Amino acid sequence: GGMANRHEMTRSRAKKLRTEMTTPERLLWSALRAGQLGVKFQRQVVLAPYIADFAARSERLVIEIDGDSHADSAVTDTIRTEALQARGYRVLRFTNSEVMTNLEGVLRTILIELGRNPEGPLSPTLSP
């Protein structure tokens, strides 16, 4: 019947949202997901009313990638950042071009924010 179809559509839409990452998001996610930073990151983390691009709940750290900025998004970003900070999260923002042209620098910034040593090798030398 009709119900099953509608459910399928909702499911596939959520799936589509999950799979359709921008190139910078994909790049950053593959680095974060690989556990290279020694911290568990999740994608599309709901911190109502917002959905953070990436977050490490254990570290209370949110990472957001900004599309090429529009004049009014700066205000929205500030409000978002303040709302997340009020919940005890730190927020790191990177632009698309930063991720595309300097992924290593972005990862280093994240490591510093996490209190890790950014000079050491990116992959942890000690296996857990």
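The values are calculated or read from the model by the stated rules, or taken from the named source; none is laboratory data. As the structure is a prediction and not an experimental result, all values here were calculated from the model. All Cβ positions, glycine included, derive from the backbone under ideal geometry; neighbour counts span all protein chains shown. Surface areas here come from the heavy atoms of the whole protein model, side chains and all, with no ligands, DNA or RNA. Shrake-Rupley method; radii C 1.70, N 1.55, O 1.52, S 1.80 Å.
Length available on full extension from ILE51 to SER30: 0.36 nm per residue minus the Cα-Cα distance, which gives 5.7 nm. Near ALA86: Cβ cut-off under 13 Å, other residues only, Lys/Arg at +1 and Asp/Glu at -1. The net charge is +3. The stretch between GLN85 and GLN44 holds 13.0 nm of extra length on full extension. This uses 0.36 nm per residue minus the Cα-Cα distance. Every Cα-Cα pair of the stretch 27-89 was included, and the share exceeding 16 Å stands at 47 percent. Counting only protein heavy atoms and using a 1.4 Å probe, the accessible area of ILE65 comes to about 20 Å².
Return the loop-located trypsin sites (Lys or Arg not before Pro) in the stretch 23-104 (DSSP other than H, G, I, E, B) with at most 15 other Cβ atoms within 10 Å of their own Cβ; answer none if there are none.
Passing both the DSSP loop test and the Cβ count: LYS40, ARG60, ARG87.
With all pairs of different C-alpha atoms in the average, the Kirkwood value for the hydrodynamic radius of the stretch 71-113 is 11.6 Å.
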